[in-house]
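Scroll down for the structure; my scribbles are underneath it.
Read-outs: derived from the displayed coordinates by stated rules, not from any lab. What you see is a predicted model, and the numbers here were worked out from it, not measured in a lab. We place every Cβ from the backbone using ideal geometry, glycine too, and count neighbours over all the protein chains shown.
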Amino acid sequence: MPDVNWPVTNIEKDFDAIIVGAGLGGLYALHKLRSLGLKVRAFEAGAGVGGTWFWNRYPGARCDVESLEYSYSFSDELQQEWKWPERYGGQPEILRYINHVADRFDLRRDVQLNTRIRTAVFDPGSNLWTLTTEDGETVSARFCIMASGNLSTPRVPSFPGIDRFAGETYHTGLWPTEPVDFTGKVVGVIGTGSSGVQMIPLIAQQAKHLHVFQRTANFSLPARNDALDPAREQAHKASYVDRRKAALETPFGIAGHPAPTQAALEATAEERRAAYEAKWAEGGSISFLFSYTDLLVDQAANDTASAFVREKIRGIVKDPATAALLAPNDHPIGTKRLCLDTHYYETYNRDNVSLVDVRSAPIVELTETGLRTAEREYKLDAIAFATGFDAMTGAMLEIDIRVEGGPALAEKWAGGPTTYLGLMVAGFPNLFIITGPGSPSVKTQMIVAIEQHTDWIAECLTRARTSGATRIEADAKAESEWVAHVNAVADRTLYPLANSWYMGANIPGKPRIFMPYVGGFDAYKRKCDEVAANGYDGLTMTP
Ligand code: N01
């Protein structure tokens with residue numbers, strides 16, 4: 001990298017780039033941009049680094065991508081030296097890893113913790129962003145990099161009486177740092193997405209009684225988490241660099257799962273059962289969805305996999321009425337995030353656990369002593385909300401992002417998020433997003449996406465610097481073509497059939513737009529590489 005001064009030395013500015021967030025995305029962006037010689041600072045709302053893994057400390061929090069994959073690839077020394085104890089990293093272990101990375105690469109000195117950004121305003125005269133923190137501090141920078149996360153705005157539904165409840169309340173995404181003890185307590189868990197499914201078996205082991213309030217049954221597969229087999233670890237590490245490269249050529253950014261070649265209905269019923277049984281025994285969601293080529297695009301194909309899992313649920317859960325309630329019937333398997341669990345369905349065979357159907361009898365209000373559904377009242381000592389997040393756009397829209405004299409991002413996105421490649425927004429120069437809406441982000445291995453996005457942004461900035469540009473902006477036409485492509489790809493799949501957070505469906509009033517790019521990480525990366533090779537077409541760089 002030539003040591004070229006950014007050609008704006010007469011403009012007073014605090015930083016070349018400000019990064020919002022110090023989770024896995026923000027930390028890598030800090031490391032990468034610093035390696036270009038840029039003056040960078042990351043602002044983080046939490047009291048520690050780690051993002052998702054800092055906040056989500058609920059019992060059983062664990063990644064559903066295997067640890068050897070769900071880790072940074074940018075340093076071979078790091079990936080060789082770090083020892084993952086389990087096949088799937090638990091939250092404490094992943095947070096320990098992130099803290100190790102922060103120390104190892106000396107990142108902390110440029111991270112300002114306990115600092116929430118409230119506004120970000122671009123001045124088209126100076127081509128600078130000025131950000132204001134919750135405490136009123138202002139900082140300016142040439143570039144603003146949003147690494148604020150996709151599942152980082154916890155959401156508790158606005159139940160009437162929510163402030164009246166006198167017992168303990170928790171949200172999975174805001175879990176206290178000190179352990180919570182539910183021993184001897186009557187606990188209510190609201191929500192049965194990935195967080196609820198992971199937490200419920202562990203709370204059940206402690207609580208005197210656990211009521212699970214389920215509105216929609218979700219598909220869950222066994223994780224089969226275990227200690228990481230040393231032979232497997234050794235073999236993986238022996239070809240780590242090659243495996244990381246191979247991951248870039250896959251739709252989910254994960255190597256080691258050969259792409260299927262057969263459609264589900266080309267197999268006989270017996271062959272399909274054998275294939276699904278093998279995947280069920282192996283554990284993991286990618287592998288299961290890779291049973292056949294068409295599980296996410298053909299309803300009839302998907303029905304065969306959905307029926308298999310429903311049958312498994314009926315086989316595990318002893319009470320037929322509970323089993324029937326737990327069997328998902330309103331969406332094709334995989335179109336909502338497929339959960340991975342450890343003894344989730346088995347938990348409903350315990351005497352101290354009951355499933356409450358809040359689809360047929362919704363929660364009407366919280367009371368001083370519990371909650372009331374349309375059917376009856378439940379006395380509770382504690383409520384754990386596993387009610388999810390304002391996903392993909394929530395964290396960005398919590399910040400008042402605007403161009404001086406122009407509309408706010410919230411206005412531009414009122415009908416749903418629009419981006420060019422998920423990386424930039426037309427009309428908002430010098431603003432980059434890591435794993436933004438319109439990128440594969442949540443539909444791929446997040447760290448692969450984080451590294452690819454950041455590397456692309458870094459190259460783009462290098463190009464701007466060497467060409468003397470101080471302003472980089474996505475063209476409106478390129479953005480609308482990309483948005484149309486993202487929608488067209490989604491419409492060829494079954495994803496839009498589910499009321500998922502991918503669609504914004506979990507937030508009342510949020511536009512129903514399928515937000516992630518589901519054309520595959522491999523296809524996406526090819527497109528990004530092509531854009532860069534063509535001199536960043538779709539972007540305008542201005543001196
Ligand atoms: O949130 P969710 P999550 N009354 O939105 C229910 C990632 N993640 O935190 O489906 C009653 O999936 C809601 O019901 P419904 C992963 O990507 C990963 O569990 O809207 N219930 C649903 O059951 C995941 O997808 C990991 O009808 C209400 C639940 O709350 C994403 O984070 C672990 C309600 C919310 O489920 C989010 O998962 C954890 C109401 N008013 C999370 N409002 C791993 O890597 C909402 N609900 C393993």
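Count charges around Ser152 for me, please; just the other residues with Cβ under 12 Å from its Cβ, Lys/Arg as +1, Asp/Glu as -1. With Lys, Arg at +1 and Asp, Glu at -1, the net is -1. This model, with +1 at the C-beta of Lys and Arg and -1 at the C-beta of Asp and Glu, gives the chain a dipole about its Cα centre of some 340 debye. Between Leu36 and Ala231, full extension at 0.36 nm per residue minus the direct alpha carbon distance yields a gain of 66.4 nm.
Using only Cα atoms, what is the ratio of the radius of gyration of segment 157-267 to 2.2 N^0.38 Å? Mind showing how you got there, number by number?
Details: Rg = 20.8 Å, N = 111, 2.2 N^0.38 = 13.2 Å.
Relative to the 2.2 N^0.38 Å estimate, segment 157-267 comes out at 1.58.
So for each of 452-465, 481-494 I average, over its residues, the number of other beta carbons within 10 Å; can you give me the resulting order with the highest mean first?
Numbers: 452-465: 20.6, 481-494: 16.7.
The densest-packed peptide leads the list: 452-465, 481-494.
When you filter the trypsin sites (Lys or Arg not before Pro) in segment 299-341 for DSSP loop state and at most 12 other Cβ atoms inside 10 Å of their Cβ, you are left with Lys318. The three principal axes of the Cα atoms in the chain give end-to-end lengths of 73, 56, 44 Å, sorted in falling order. If the segment from Arg164 to Asp135 were pulled out straight at 0.36 nm per residue, it would be longer than the present Cα-Cα gap by 7.5 nm. Separation of the alpha carbons by more than 18 angstrom is noted, of Lys185/Lys379; Lys443/Lys477; Lys477/Lys527, for Lys443/Lys477.
Using a simple charge model, +1 on the beta-carbon of Lys and Arg, -1 on the beta-carbon of Asp and Glu, nothing else, what dipole does segment 172-331 show about its Cα centre, in debye to the nearest 20? Provide the component values of the computation, followed by the final result.
Numbers: 16 positive and 18 negative charges, 86 e Å.
Here segment 172-331 has a charge dipole of around 420 debye.
Here the gap between Gln112 and Asn329, fully extended at 0.36 nm per residue and compared with their Cα-Cα distance, gives a gain of 73.5 nm. Projecting the Cα atoms of Val518, Ile507, Tyr495 onto the charge dipole of segment 464-540 (Cβ charges, centred on the Cα centre) puts Ile507 farthest toward the positive pole.
Based only on Cα atoms, what Rg/Rh ratio does segment 55-124 have, Rh being taken as Kirkwood's radius?
Details: Rg = 15.6 Å, Rh = 14.4 Å.
Result: Rg/Rh = 1.08.
For segment 339-405, which GluC sites (Glu not before Pro) are in a loop by DSSP, counting at most 14 other Cβ atoms within 10 Å? The partial results should precede the final answer.
On the way: sites: Glu346, Glu365, Glu368, Glu375, Glu377, Glu398, Glu404; in loops: Glu368, Glu375, Glu398, Glu404.
Loop-located and lightly packed - Glu368, Glu375, Glu404.
Only bridges whose two residues both fall in the chain count here: according to DSSP, what percent of them are antiparallel, nearest 5?
The antiparallel fraction comes to roughly 40 percent.
Rounded to the nearest 0.05, the FRET efficiency derived from the C-beta distance between Thr542 and Thr261 at R0 = 35 Å is 0.15.
Mean residue ellipticity at 222 nm from the helices of the chain, using -39,500 (n - 2.57) per DSSP H segment of n ≥ 4 over the full residue count, to the nearest 500 deg cm²/dmol? Show your work: numbers first, answer last.
Numbers: 17 runs with 173 residues, N = 543.
It lands at -9500 deg cm²/dmol.
In segment 31-69, whose amide N lies under 18 Å from the spot 7 Å out along Cα-to-Cβ of Arg96? List them in ranges. Counting backbone N atoms under 18 Å from the label point, the list is 49-51, 53-64, 66-69. Placing +1 on each Lys and Arg Cβ and -1 on each Asp and Glu Cβ, with no other charges, gives segment 403-543 a dipole about its Cα centre of roughly 260 debye.
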